[in-house]
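Working notes, structure below.
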Amino acid sequence: MNKLTATSVSIGLVGGLMSWIYLGILVRFGGEGVALAIPVSFIAWGAFAAAGGNNKAVAGTVTPLIYGAIVAWVTALIIMPQLGNVITNVPIANALSVGVSVVALIYGTGKIKAVAATPVAVYGYAAFFALALSGTASGLTDASLFSNPLLFVAGFGVAGTVFGLIANNLAASLGK
């Protein structure tokens with residue numbers, strides 16, 4: 001089997017398996033919101049592939065993705081409420097909170113080698129706020145994978161990266 005066909009088939013098979021695990025099994029524990037684990041995992045999977053799709057790329061994907069989600073979590077948990085106490089216009093307070101936190105996010109990717117993949121950190125940040133603002137996972141201090149957007153992004157981001165690694169290994173086996 002040629003490389004393109006092997007890669008296509010392996011991503012289809014592993015992506016289908018991942019989706020079945022989420023929608024067929026995990027939905028029983030996390031409710032309908034588990035459906036958003038699919039795009040979070042595929043975002044991490046794509047970032048992993050862009051980083052080289054090898055064992056080294058696992059840490060280069062997972063670490064900045066979680067870093068981005070942590071910066072977003074600190075923003076939602078601490079910065080937004082504090083600025084909201086000072087600035088009574090909530091949209092302006094929230095916009096300033098995001099602006100300040102994104103400066104910290106990007107600056108951190110330039111200073112901390114482990115989180116240097118700036119786009120991946122931005123993906124983690126964005127995925128966090130997509131979950132939090134949609135109400136899918138908005139329990140900022142919950143200890144549940146399904147209700148805390150930080151844990152959701154971290155858990156399903158790691159899972160997506162692992163599924164990407166599995167798909168790459170399968171593609172290598174099929175392509176021989």
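The values are calculated or read from the model by the stated rules, or taken from the named source; none is laboratory data. As the structure is a computational prediction, the values presented were derived from the model and not from experiment. Glycine also receives a Cβ, built like all others from the backbone with ideal geometry; neighbour counts cover every protein chain displayed.
Consider Phe29 carefully, then state whether it is among the aromatic types (Phe, Trp, Tyr), within 13 Å of Ala167 (Cα to Cα) and assigned to a helix (DSSP H, G or I). Answer is no for this residue. The set of residues in the stretch 1-38 that are free of Cβ contacts under 8 Å to residues at least 40 places away in the same chain and under 13 Å from the mean Cα position of the chain (by Cα) contains only Ile38.
Put simply, of Ala121, Ala44, Ala127, Ala104 the only residue that is in contact with a Pro (Cβ under 7 Å, 6 or more places away or on another chain) and either touching a residue at least 12 places away in the same chain (Cβ under 8 Å) or on the phi > 0 side of the Ramachandran plot (or both) is Ala121. On the stretch given as the stretch 147-167, residues that are surrounded by fewer than 21 Cβ atoms within 10 Å (Cβ to Cβ) and part of a helix (DSSP H, G or I) total 7. Quick check on Leu105: is it under 21 Å from the mean Cα position of the chain (by Cα), surrounded by 18 or more Cβ atoms within 10 Å (Cβ to Cβ) and among the aliphatic types (A, V, I, L, M)? Considered against the rule, which asks whether it is under 21 Å from the mean Cα position of the chain (by Cα), surrounded by 18 or more Cβ atoms within 10 Å (Cβ to Cβ) and among the aliphatic types (A, V, I, L, M), Leu105 comes out as yes.
Taken over the stretch 115-146, the residue count meeting the criterion of being of a type outside the set (A, V, I, L, M, F, W, C), crowded, with 18+ Cβ neighbours inside 10 Å and closer than 18 Å to Leu65 by Cα is 3. The number of residues in the stretch 54-97 that are surrounded by fewer than 18 Cβ atoms within 10 Å (Cβ to Cβ), in contact with a helix residue (DSSP H, G or I) (Cβ under 8 Å, 6 or more places away or on another chain), in a helix (DSSP H, G or I) and at pLDDT 90 or above comes to 4.
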